[in-house]
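Throughout, read-outs are computed from the coordinates displayed, never taken from laboratory work. A quick note: this is a predicted structure, and the numbers were derived from the prediction, not measured. Neighbour counts are summed over all protein chains in view; Cβ atoms, including those assigned to glycine, are modelled from backbone coordinates with ideal geometry.
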Amino acid sequence: HGRKLKQDKTTLQKLLEYIHQAIEKKDTQKFFAWPVTDQIAPGYSLVISQPMDLNSMKHNIENHIYSSLPQYMEDIQLMCRNAMVYNRPETVYYKAAKKLLHASLKITNADKLRSSHLMLP
Ligand SMILES: CC(=O)c1cc(-c2ccccn2)c2ncccn12
């Protein structure tokens, strides 16, 4: 009937979804929620060869693209680095990217995850 069956989530997916929603919450101005378009950022696609955004990452989690937490974090770092390459340091986007990267590294820090009872002590 074309109904999409609800796939059971793997343990890694549950961990990545928990981390992902915590990172999404840090993106309060939603600068990283969707792909950056050439309309809002002139010449973006000429400067940034591998774009990344939080919605694309959510799909990657659902489609089992990530096989580990470090692999997921590589895309967070790519997304923030793109913003720090395209935008000048004095812009809100550059500053937001730097802040989001630091917040993400804190969220995924092993001790922090252990204390959130998401990983074995
Ligand atoms: C992430 C990024 O580089 C970005 C997000 C945005 C953005 C995202 C949502 C709403 C408005 N602007 C943006 N605008 C101009 C130049 C760069 N950006």
Please work out which residue is nearest to residue 33 (Cα to Cα), limiting yourself to region 100-112 and to residues that are in contact (Cβ under 8 Å) with a residue 40 or more places away in the chain and in a helix (DSSP H, G or I). 100
Quick one: would you say residue 61 is of a type outside the set (D, E, K, R), away from the ligand (no atom under 14 Å from the Cβ) and touching an Asp or Glu at 6+ places or on another chain (Cβ under 7 Å)? yes
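Pick out, from region 1-95, the helices (runs of 4 or more DSSP H) lying fully within it that include 2 or more residues that are within 30 Å of residue 114 (Cβ to Cβ), out of contact with any Lys or Arg (no Cβ under 8 Å at 6 or more places or on another chain) and of a type in the set (A, V, I, L, M, F, W, C).
Output list reads 11-26, 54-62, 69-86.
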Among the residues of region 71-83, write down those that are more than 9 Å from the chain's Cα centre (by Cα) and either within 9 Å of the ligand (Cβ to nearest atom) or crowded, with 19+ Cβ neighbours inside 10 Å (or both). 82, 83
Consider region 20-51. How many of its residues are of a type in the set (Ser, Thr, Tyr) and either touching a residue at least 40 places away in the same chain (Cβ under 8 Å) or under 25 Å from residue 68 (Cβ atoms) (or both)? 2
Could you grab me the full set of residues in region 37-47 that are within 9 Å of the ligand (Cβ to nearest atom) and of a type in the set (S, T, N, Q)? 37
Residue count for region 11-36, restricted to those that are within 13 Å of the ligand (Cβ to nearest atom) and loosely packed, with under 11 Cβ neighbours inside 10 Å: 3
